[in-house]
Amino acid sequence: MASNGKSENLIKLAERLGHYNPNYQESSVNEFVLQKQEFETDTIVNNNGNSRRWKSNRAAVLVCLFEDQHGHLRVILTKRASTLSSHSGEVALPGGKVEEGDANDIETALREAEEEIGLDRSLVDVVTVLESFTNKKGITVIPVVGILWDRNTFNPKINAAEVAAIFDAPLEMFLKDENRREQEREYMGDEYVLQFFDYETENEKYVIWALTAGILIKAASIVYQRPPDFQERRPKFWSRCNQ
């Protein structure tokens, strides 16, 4: 433990990830979030002559890492509320679509995490952003990696309208060929494989799959500096924005 109370392993990880560059021309997190915004607006004129509707084809999720009592890295996950119109009941990373007041992707991820699970943004240090993923609907999702230095400082406050449960899982599990299933899919002529990870904690069973699993495989590969123990065949559309 360092003199500031932070784990030395987490400090080293933060320093290393701070030098990570996704497959873009930007050379830093700040440059990335300033130059890669892709917001869209529709202007709608009402009877009063001025009204605007904001929409975005961009979202951000928070890959929030912390150490457990054994020094193992874990990541915070949620189970989406069953009442949501999309991906209801599925496991997800905290996050959501960009809103008009968001300055950048990092702010989007931190704001959404605070709204969904009560994670105070002051407790998290963002260390990097990863390559974007694009889903079938054309939404570009930016994974924002942050470190929660002390898990005990985080007292979850679940927004029941959006989140049914919060839990955490070992990050390294997304590199292991254990409790893993795969399913072949096809979309617009592209044959690919989706990964499914089964995880049980506190007598609750969760399945982490599809885009969330893909993001966590990527994050774990970067953190542990090795590929997964299984073969990936990712959907081509996930990389539509990584030119």
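The values are calculated or read from the model by the stated rules, or taken from the named source; none is laboratory data. All of these numbers come straight from a predicted model, not from anything done at the bench. Cβ: placed from backbone, ideal geometry, glycine included. Neighbour counts: every protein chain shown. The protein model used for the area step is the full one, side chains on, heavy atoms only, and it has no ligands, DNA or RNA in it. Shrake-Rupley method; radii C 1.70, N 1.55, O 1.52, S 1.80 Å.
See the values below:
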| item | result |
| --- | --- |
| Gyration tensor (Cα) of segment 110-224, equivalent ellipsoid semi-axes in angstrom | 26, 18, 16 |
| Unsatisfied cross-links (Cα-Cα over 28 Å) in the set Lys97/Lys176; Lys79/Lys218; Lys205/Lys236; Lys79/Lys176; Lys136/Lys218 | Lys97/Lys176; Lys205/Lys236 |
| For Ser239, net neighbour charge (Lys/Arg +1, Asp/Glu -1) across residues whose Cβ lies under 14 Å away | +3 |
| Accessible solvent surface per residue of segment 133-199, calculated while the other protein chains remain in place, 1.4 angstrom probe, Å² | 50 Å² |
| Counted charge near Thr212, where neighbours are those whose Cβ lies closer than 12 Å (Asp, Glu -1; Lys, Arg +1) | +2 |
| Trypsin sites (Lys or Arg not before Pro) restricted to DSSP loop in segment 81-181 with at most 12 other C-beta within 10 Å | Lys136, Lys137 |
| Environment charge of Arg151, counting only residues whose C-beta is closer than 12 Å and scoring Lys/Arg +1, Asp/Glu -1 | -3 |
| Cα gyration tensor shape of segment 46-189, rounded if a/c is under 1.5, else prolate or oblate by comparing a/b with b/c | oblate |
| Segment 59-104, accessible surface, carbon-and-sulfur percent (1.4 angstrom probe) | 44 percent |
| Ranked by how many other beta carbons lie within 10 Å on average, peptides 66-76, 215-225, 124-134, 200-210 from highest | 124-134, 215-225, 66-76, 200-210 |
| Virtual spin-label span in nm between Ser82 and Lys137, 7 Å along Cα→Cβ | 2.1 nm |
| Full-stretch length increase - Glu184, Ser221 - with 0.36 nm per residue and alpha-carbon distance subtracted | 11.1 nm |
| Of the GluC sites (Glu not before Pro) in segment 81-122, those whose Cβ has at most 12 other Cβ within 10 Å and which sit in DSSP loop | Glu100 |
